[in-house]
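Reviewing the structure listed below.
The values are calculated or read from the model by the stated rules, or taken from the named source; none is laboratory data. Model, not experiment: these values are computed from the prediction. Counting neighbours? That spans all protein chains shown, and the Cβs are built from the backbone with ideal geometry, glycine included. Accessible surface areas use protein heavy atoms only, side chains included; no ligands, DNA or RNA. Shrake-Rupley method; radii C 1.70, N 1.55, O 1.52, S 1.80 Å.
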Amino acid sequence: MQNFAYANPATLQEAVAHLGGRWGDADVLAGGTDLISLMKEHLHTPKRVVNIKNIKELDGIQKTADGLRIGALVTMDELAGNADVKAGYPALAEAAAGIPSPQIRHMGTAGGDLCQRPRCWYYRQGFGLFAMKDGKSLVPDGENKYHAIFGSGPAYFVSASSLGPALVALNAKVKLVSAKGARELSVAKFFVTPASENAREIAMRPDEILTEILVPAASPHNAIYEVRQKEALDWPLAAAAVSLQMKGTTVAAARIVLGHVAATPWESGAAAKVLVGKPVNAATAEAAGKAAVSDAKPLSQNAYKVTLAKVAVKRALLEAVKVKA
């Protein structure tokens, strides 16, 4: 780990004043579950680390007339256990509770989950976001069993965010603050596929801090289903988050978002279209799952993810309306 300056601001205004105009000038420290590893591996070498843990305005979960406000410093444990989240936003509560490690749930924050870097082993071993060597990507012909099945490269990593798919399905926004002011951005647009090795996977600028997540009032018919290889500490192989607007027993509108299968949370309009005007049952959920993966482009070792994603969609839909398979 390289030497760095350390700032411990007490207010948001002080914190943004310590940031710079370029990535590498400063990094924000919240839970630290990802940043410390990145610094130890020399993947991040910030000149300054800005600790935001003591900024009170970045904490707390509040139910509002418009929905839910989640402070960036809210931990995964807090999110999973909050009564308002569990009652109205079960997809979000389950996404947080699904993180197997008690230590990460206790330390990891909602804002940090959205801003974490890819877990791709090529990236973590220093080959960059696109895993290039001698002008060619290592992924298509290499160890790619945990990589993307959507998109055609050169970004083959998958978004590691646990909350991302659920927040996209729930039409949530994030608030980003810099010394120049504040802006809001939908979570769907917050995640981006980087255009170059030096870009980021999020639409946040280096002089900004993610301060809160804003989730609109939601239909209670939302759920998430994740598939992992083992119950111990492990990231999902595939996931699906769904949010349904019901008209009686039929679907009036739907959002279906796949996780851990693309460089961003992957929304399937085709799957949603299959459901509109129909009830959710085993047959329609199966059809939606098939539609969700119809455009998948698996690599040499990860075709199994197509099946897992299809099953995740089906089970998330059935869970959203409490129908047994």
Exercise. Gap in Å between the Cα centre of the range 239-302 and the Cα centre of the range 166-213?
Worked result: 24 Å
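How would MET132, MET76 line up by accessible area, probe 1.4 Å, largest first?
Output order, biggest surface exposure first: MET132, MET76.
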Problem set entry | ³J(HN,Hα), Karplus 6.51/-1.76/1.60, whole Hz, each residue of the range 201-208, x for Gly, Pro | 8, 10, 8, 8, 7, x, 9, 10
Seminar exercise, completed: The extension gain from ARG205 to LYS40, computed as 0.36 nm times the residue separation minus the Cα-Cα distance, is 57.1 nm
For this session: State, as an integer percentage, the relative contact order of the range 253-325 based on alpha-carbon contacts under 8 Å between residues 6 or more apart.
Result: 29 percent
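Given R₀ = 30 Å, FRET efficiency for ASP134-ALA270 by Cβ-Cβ distance, to 0.05?
It comes out at approximately 0.20.
With a ≥ b ≥ c taken as the square roots of the eigenvalues of the C-alpha gyration tensor of the range 1-56, please select rounded if a/c is under 1.5 and otherwise prolate if a/b is larger than b/c or oblate if it is not?
Oblate is the answer for the range 1-56, as a/c is 1.5 or above yet b/c matches or exceeds a/b.
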For this session: Could you state how much accessible area PHE130 has, in square angstrom rounded to the nearest 10, with a 1.4 Å probe and all protein chains kept in place?
Result: 20 Å²
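Peptides 272-279, 250-257: what's the order by average Cβ count within 10 Å, highest mean first?
Averaged packing, sorted descending, gives the order 250-257, 272-279.
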Problem set entry | Listed pairs LYS86/LYS175; LYS47/LYS180; LYS86/LYS314; LYS230/LYS290; LYS47/LYS305 exceeding 28 Å between Cα atoms | LYS47/LYS305
Problem set entry | Estimated vicinal HN-Hα couplings, Hz - the range 147-155 in sequence order (Karplus 6.51, -1.76, 1.60; Gly, Pro = x) | 8, 6, 10, 10, x, 10, x, x, 8
Problem set entry | Packing-based ranking, highest mean first, of 8-16, 311-319 given that Cβ atoms within 10 Å are counted | 311-319, 8-16
Seminar exercise, completed: Dividing the mean separation of Cα pairs under 8 Å (6+ apart) by the residue count of the chain yields a relative contact order in percent of 17 percent
Exercise. Accessible area, 1.4 Å probe, largest first: how do TYR123, TYR6, TYR225 sort?
Worked result: TYR6, TYR225, TYR123
Exercise. Percent of accessible area on the chain owned by carbon and sulfur, 1.4 Å probe?
Worked result: 52 percent
Seminar exercise, completed: Given the candidates PRO206, MET246, GLY164, the one whose Cα lies deepest towards the positive end of the charge dipole of the range 139-276, counting +1 at each Lys or Arg C-beta and -1 at each Asp or Glu C-beta, is MET246
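Helix-derived [θ] at 222 nm for the chain: sum -39500 (n - 2.57) over DSSP H runs of at least 4, divide by residue count, nearest 500?
My calculation for the chain gives -7000 deg cm²/dmol from helical runs alone.
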Seminar exercise, completed: What the 5 Å binned alpha carbon P(r) of the range 1-103 shows, as percent of pairs per bin from 0, is 2, 12, 18, 18, 16, 15, 12, 6, 1, 0
